[in-house]
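Structure, as structure tokens:
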Amino acid sequence: MYYRRGRPSKVQWGRAMIRLYAFLGNHGREYRGNRHNVAWQLAEHLPVYGELSFERKFKGRYAQWTSPNGRIWFLFPETYMNLSGDAISEAMRFFHVAPDELLAIHDDLELPFGSFGFKFGGGLGGHNGLRSIESRLGTRDFARLRIGIGRPDHADIAGYVLSDFSPRERDDLECAVFPKAADAVGICINEGFAKALALFPKVRCLD
């Protein structure tokens, strides 16, 4: 279990500055366009992404960035989704990041496609990456940025999340969702999680 500096209340939580941005996904060329990898796809639209210098450590790739509020880290676990918590907990121990300083960016079946939103704590929605983080940290009190992929009209959830977006969905992501979500991440970096949460609890990007 990951050490904790006490269990933060929701009031304390809203004041935390995010120091570790963890983008959940599956490692491998065959997964690149999957719905489950939408967080990795979003990352490439962040204004700072092209300036990041990545290193391999913590069972994944990470890069450091100096924000107006100090050093932050971007982490891409390469453990596959179900073991995301292994990589994240290692990075948190090394950089002395507390659970209230972590933001997990992930796909979400419960949000309609074309939407995104910040939240903290609460249920895991059956997401195996979030379950892994909770298991390793011993708490689910960490921030999330949920990117909606919607639920399929069939029962094969695993097949759905591991399938690629359609060309139309890809256009919607590139033109509408990713630019707005990237701006929201920028506000979280520059102005804090509380501001991002207040502005973007749930955003619909498509008419």
Ordering 167-174, 110-117 by per-residue average of other C-beta atoms within 10 angstrom, highest first, gives 110-117, 167-174
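Taking every pair of Cα atoms in the chain, average 1/r, invert it to obtain the Kirkwood radius, and report Rg/Rh to two decimals.
Working: Rg = 15.7 Å, Rh = 16.9 Å.
Taking Rg over the Kirkwood Rh, I get 0.93.
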Out of Phe165, Phe95, Phe76, a Gaussian network model of the chain with alpha-carbon springs under 10 Å gives the largest mean-square fluctuation to Phe95
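For region 64-190, calculate the relative contact order in percent as a whole number, restricting contacts to Cα pairs under 8 Å that are 6 or more residues apart. Intermediate values should be presented prior to the final figure.
Working: 158 pairs, mean separation 36.2, N = 127.
Relative contact order for region 64-190 comes out at 28 percent.
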Rounded to the nearest 10, the angle in degrees between the Cα long axis of helix 84-95 and the longest principal axis of the Cα atoms of the chain comes to 30
For region 10-204, the count of lysine pairs 8 or more apart or interchain whose alpha-carbon atoms are under 28 Å apart comes to 11
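Hey, fewest Cβ within 10 Å first, where do Leu206, Leu124 land in order?
Details: Leu206 12, Leu124 15.
Ascending number of Cβ neighbours within 10 Å: Leu206, Leu124.
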In degrees, nearest 10, the alpha-carbon axis of helix 178-191 is tilted away from the dominant principal axis of the alpha carbons of the chain by 10
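Pull out the extension gain between Leu52 and Lys202, defined as 0.36 nm times the separation in residues minus the alpha carbon to alpha carbon distance; nm, one decimal.
On the way: separation 150, 0.36 × 150 = 54.00 nm, distance 2.81 nm.
Length gained, Leu52 through Lys202: 51.2 nm.
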From fewest to most C-beta neighbours within 10 Å, the residues Phe142, Phe94, Phe178 line up as Phe94, Phe178, Phe142
The answer for GluC sites (Glu not before Pro) in region 23-78 that fall in a DSSP coil and have at most 13 neighbouring Cβ atoms within 10 Å is Glu44
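Here, each number is a calculation from the coordinates, and none is a lab measurement. Given the structure is predicted, the values throughout are model-derived calculations rather than measurements. Neighbour counts are summed over all protein chains in view; Cβ atoms, including those assigned to glycine, are modelled from backbone coordinates with ideal geometry.
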